[in-house]
Every structure is written in C-alpha cells, then in structure tokens.
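Derivation of every value follows stated rules applied to the coordinates shown; laboratory data play no part. The structure displayed is predicted, hence computed values, not measured ones. All Cβ positions, glycine included, derive from the backbone under ideal geometry; neighbour counts span all protein chains shown.
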Amino acid sequence: MSRWQKILGFAVIATTAIIVFAALRVQAYLTSPVTVSDGGTGFVILPGTSFREVARQLEQEGITDNAKLLRLYARWTDKAGSVQAGEYLIEAGTTPIRLLEQFTSGDVQLYSFTIIEGWNHRELLGALRSHSQVVAELTDEDWPAFLDELGADTRIPEGLFLPETYRFPNGSSDRALLRQAYKLMQSVLQEEWVGRDQSSPVATPYEALVLASIVEKETARADEREKIAGVFARRLVKRMRLQTDPTVIYGIGPDFNGNLTRNDLRTDTAYNTYTRHGLPPTPIAMPGRAAIHAALHPAKGEELFFVATGLGDGSHKFSKTKEEHDAAVREYLQRLRENRR
C-alpha cells in the first residue's frame, strides 16, 4: 500500500468518524427532552415570526441549548416554513422532534369553558365575558342576528346551548364557542328525540327543551328527574297547570330578589305556570342531556304533585292527591321551622 493510499484511508476513516460522531450528537440532541418545568412551559409564536427567531427565543428562554441544530433539523425536514402562530404548552419530556411537530401541526394550548346545567342565557353570556381567554363579541342586542346565523327557529337564546365542557385555543371568540354548543345541543336533542318514549306529551323537539329546562331547574338529583318529568307529563295531559316556581322566577327576570311571594304567583306573565296552562313559550334555562332524556322518558305513575322534603339533600316528596300534597307541604314547613331553631 502506497503512502498516499494510507493517507487517503486515514482520511476516509477520520471523515467517517466525524460524520458518525456528528450524527450521534444530532440524534442525541433530537431525542433528548428539552428543558421545561414538570408542569410544562408556555411558549408563544407571534404571527409572521420566522423559525430562526423561534429557535433563538427557545434558546434564550433556556428551553433548548442549541438553536443552530434545531434550525438545521427544521430545514432538513423542510418544516421551517410551516410553523404556525399560537400559544403552546411545551410539556415535560418533549423532544426537539416532537416540539417541531407541535409547532407545525398547530397543536396549541387549549383552555376550557364549562356551561353549567341550569344557567340562563344572561349567566352564560356573563361567564363568557369574564373568561380571560375568550374574546367577547356578543352583546344582548346581537342575539337575534346570531341565532339567525346559527339557523335557529327562534330569536330567544334560552335553552339552545348544551351544558358541557368545551376546549379551545386562546383568543377564541364567544361566538365560536357558542356555535359548538349549539351544534352539540342540536345533535343531542335529535338523538334523544328519535329514541323518545311515546308517553312524553311534548309535540316537538323544542317543546322537549322547554320541559327539560323546567326539570333541570326543579332538581339536580339523577334519581328524581324522570319522576318529576312524569308529574309534569301527567299534568299536561290532564290540562292541569304546571304550577312550578322556576318558571315564575324566570318570568320576573333579573329583578327577582330571591324571595318568591304570593303576589308573584298571582301576577300573570307568559311564564307564570300558576296563571296559565301548558308549557311556557321558551325554555327557562340550559338543560343538560340527562334532563332532556327525562323529559322524553317521563316515569310512569299516578303522582301529580311534589314538594321539597327539606332534608338538605335536594330530595322531593311525591303525592297522588292534593290532600297528600298539602300534608307533605306542612311537613316541609315544619322541618324548615325546626331547622331555624
């Protein structure tokens, strides 16, 4: 072997060793977790930010210790130009490979907003306005036009948005969240309507929403929803007034001071079920799926009345006759007096 062949052989070996060493170093970097706290670290990419600047910020914040390698990998995989703006949560254990996937897929940090069963539309809008990650756009005056956009057959927003927890990226609008909630309510309502019990007295899905909203406001107990729906169903069939306090309270509106009086029960409004027969014209709250199911599957029986027991567990006593009901009311009032002592 000549001298030059030996030199060439050593050069090839040295070059190969350097390449292997570099490849191992790159591989070790790409598969080793970046530096973040156990709870993760937030990172924001503003619109129009180049990947060079993103890598520089990551290094500046101590998340990565080699912005140059990250840039080279992004260029080699042709992903440098695909990074999406947004607010990201970089979780513990994230590698540079996964980080680049997260930035290019738009896997941004999500926040949650929960619509509570029994909220009315004013409470819903107020909660959206107070959520720091939601952009508030809707006003009370916007409801009719917004409902037209949704394709709703009513200009009243009550009862149209399903109580559920919704996940969304920072900066989402209240309109976007409500579109999700409306679409999900329509899906659930249709599914429940198709599987309804024929004993339910409601004639349309919207009437089911109305009855479900009353059930929702009357009890939060899972074991009572269908029983209460059964009472209301039988009263509707018998042309008896529903005589339910939550509808009266809803008819009073924001001026209700928490004390329902006899005069309130006598004052006629479209929602006073002590002065009017049948269902009120609209739902009085946002009913959850369980309440909708109960309204469309009322329990069979003969009970026509119910009143709170006053036991502190949200339970009610159900009665078949007015005499039994009056006795149950006296028992409830006696228990209230005893609890005040």
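Give me the angle, in degrees from 0 to 90, between the Cα long axis of helix 51-60 and the longest principal axis of the Cα atoms of the chain, rounded to the nearest 10. It is inclined by approximately 90 degrees. Return the FRET efficiency for the residue pair Q60, T114: r is the Cβ-Cβ distance, R0 is 35 Å, and the value is rounded to the nearest 0.05. For Q60 and T114, the calculated efficiency is 0.45.
Compute the FRET efficiency between R241 and V44 as 1/(1 + (r/R0)^6), taking r as their Cβ-Cβ distance and R0 = 51 Å, and round to the nearest 0.05. All intermediate terms of the calculation are to be shown ahead of the outcome.
Values: r = 57 Å, r/R0 = 1.12.
Efficiency for this residue pair is about 0.35.
The slack between A327 and S187, meaning 0.36 nm per residue of separation minus the straight C-alpha distance, is 46.1 nm.
Calculate the spin-label point distance for A270 paired with T154, positioning each point 7 Å from the Cα along the beta-carbon direction, and give it in nanometres. The two pseudo-label positions are separated by 1.0 nm.
Relative to the dominant Cα principal axis of the chain, helix 96-105 is inclined by about 50°.
Return the calculated 222 nm mean residue ellipticity for the chain, to the nearest 500 deg cm²/dmol, obtained by summing -39500 (n - 2.57) across DSSP H runs with n ≥ 4 and dividing by the residue count. Taken over the chain, the calculation gives -15000 deg cm²/dmol. For the chain, find the longest principal axis of its Cα atoms and tell me its angle to the long axis of helix 174-194, 0 to 90°, nearest 10. With both axes taken from Cα atoms, the answer is about 60 degrees.
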